[in-house]
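The values are calculated or read from the model by the stated rules, or taken from the named source; none is laboratory data. Computed from a prediction, not measured in an experiment: that's the story for all the values here. Backbone-built Cβ (ideal geometry, glycine too); neighbour counts: all protein chains shown.
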Amino acid sequence: MVAADTMTDEQKVELVWESFERALVAHVMPEAVAAVIVEPVQGEGGFIPMPVEFMRRLRATCDRYGILLIADEIQCGMARTGKMFAMEHFGVSPDIITLAKSMGGGMPIAATVGRAEVMDKPHLGGLGGTYWTIRSPARRRWRRFN
């Protein structure tokens, strides 16, 4: 085994990719995986962008098996990488992007954004968060008007 500090970026991508594919096939059936969630730029442990080749392979694999690709851009989104979304640096589009932090400029706000064919699938109330639950007064009012 070659030490990680002596490997090229291409060798590192290949090593991690082989491990990912092995886990996908040996531990779970790819058809049973609903989504892969990935940070385009790792926020904890240093701001480390994902290699472009790995992200492209990930998109292709998700497409092949019908797996959703979710980009967690809570820390790196909203122009923090020089583009509006960090995923723009990879030349691939995620199915869903999660956003927060810089979106609110200090206010607690978050968003889940995605392709219409994905976001329109859940039933009313099927896609929500902490403040939009079945017992929520806002939810009860929503039901009365719809």
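The set of residues in region 1-46 that are of a type in the set (Gly, Ala, Ser), loosely packed, with under 10 Cβ neighbours inside 10 Å and in a helix (DSSP H, G or I) comprises Ala4, Ala26, Ala32.
Residues of region 113-146 being part of a loop (DSSP other than H, G, I, E, B), exposed (fewer than 14 other Cβ atoms within 10 Å of the Cβ), modelled with pLDDT under 85 and at negative phi, which ones?
Pro122, His123, Leu124, Gly126, Gly129, Thr130, Tyr131, Trp132, Thr133, Ile134, Arg135, Asn146
Taking first residues from region 9-38 that are within 16 Å of Arg64 (Cβ to Cβ) and partners that are in a loop (DSSP other than H, G, I, E, B) and among the aliphatic types (A, V, I, L, M), the Cβ contacts under 6 Å between residues at least 6 apart in sequence or on separate chains come to Val33/Ile67; Val36/Ile67. Picking from residues in region 81-112 that are within 16 Å of Pro49 (Cβ to Cβ) and touching a Lys or Arg at 6+ places or on another chain (Cβ under 9 Å), the one that is surrounded by the fewest Cβ atoms within 10 Å (Cβ to Cβ) is Gly91.
Of Arg80, Arg56, all but one fail to be farther than 19 Å from Ala111 by Cα and among the basic types (Lys, Arg); the exception is Arg56.
Residue by residue through region 47-85, note down the ones that are assigned to a helix (DSSP H, G or I) and touching a helix residue (DSSP H, G or I) at 6+ places or on another chain (Cβ under 7 Å).
Looking only at region 47-85, we keep the residues that are assigned to a helix (DSSP H, G or I), and these are 52-65.
Glu53, Phe54, Arg57, Tyr65 - these are the residues of region 47-85 that are assigned to a helix (DSSP H, G or I) and touching a helix residue (DSSP H, G or I) at 6+ places or on another chain (Cβ under 7 Å).
Summed over region 86-99, residues that are closer than 14 Å to Ile70 by Cβ, outside any helix (DSSP H, G or I) and of a type in the set (Gly, Ala, Ser) total 1. Against the definition (modelled with pLDDT of 85 or more, over 17 Å from the mean Cα position of the chain (by Cα) and at positive phi), how does Gly82 come out, yes or no? Criteria met by Gly82.
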